[in-house]
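Okay, structure first, notes after.
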Amino acid sequence: MKITFTSHAQYRLMERKISLANVRDAVLNSNIFSAEGGLLRARKKFDGKILEVVYKKSKSDIVVITAYYL
């Protein structure tokens, strides 16, 4: 499954020093929660912090909207 990032997500990941690898890992290997507007949220713990990734999923790809530590 292809994972792409919005320009907003790319900017926020850089600003918040979140690696693309951690985002991919969270989306593909974590607990998933539904959110408003058809968005999904994935949460996974890295180095004692919980990373939350907000994304959209279709049959063929995943589009990451944003990510942040809780």
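The values are calculated or read from the model by the stated rules, or taken from the named source; none is laboratory data. Not measured: the values here are computed from a predicted model. Glycine gets a Cβ as well: all are built from the backbone with ideal geometry, and neighbour counts include every protein chain shown. For the accessible areas, the whole protein counts, side chains as well, though only heavy atoms, and no ligand, DNA or RNA atoms are used. Shrake-Rupley method; radii C 1.70, N 1.55, O 1.52, S 1.80 Å.
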- Item | Hydrodynamic radius (Kirkwood) for the chain, which is based on Cα pairs only, to one decimal in Å | 11.9
- Query: In Å², what does the accessible area per residue of the chain work out to with a 1.4 Å probe?
  - Reply: 65
- Note on the structure: Expected sort for 33-42, 55-64 on mean C-beta neighbours within 10 Å, highest first, is 55-64, 33-42
- Query: For residue 29 and residue 3 in one chain, what is 0.36 nm times their gap in residues minus the Cα-Cα distance, to one decimal in nm?
  - Reply: 8.0 nm
- Task: Could you please state how large a percent of the accessible area of the chain is carbon and sulfur, counting protein chains only and using a 1.4 Å probe?
- Result: 51
- Task: Note down the magnitude of the dipole of the chain about its Cα centre, charges +1 on Lys and Arg C-beta and -1 on Asp and Glu C-beta and zero elsewhere, to the nearest 20 debye.
- Result: 80
- Which whole-number percent is the relative contact order of the chain (Cα, under 8 Å, 6+ apart)? 38
- Item | Cleavage-rule hits (trypsin sites (Lys or Arg not before Pro)) in the stretch 3-39: DSSP loop, at most 12 neighbouring Cβ within 10 angstrom | 17
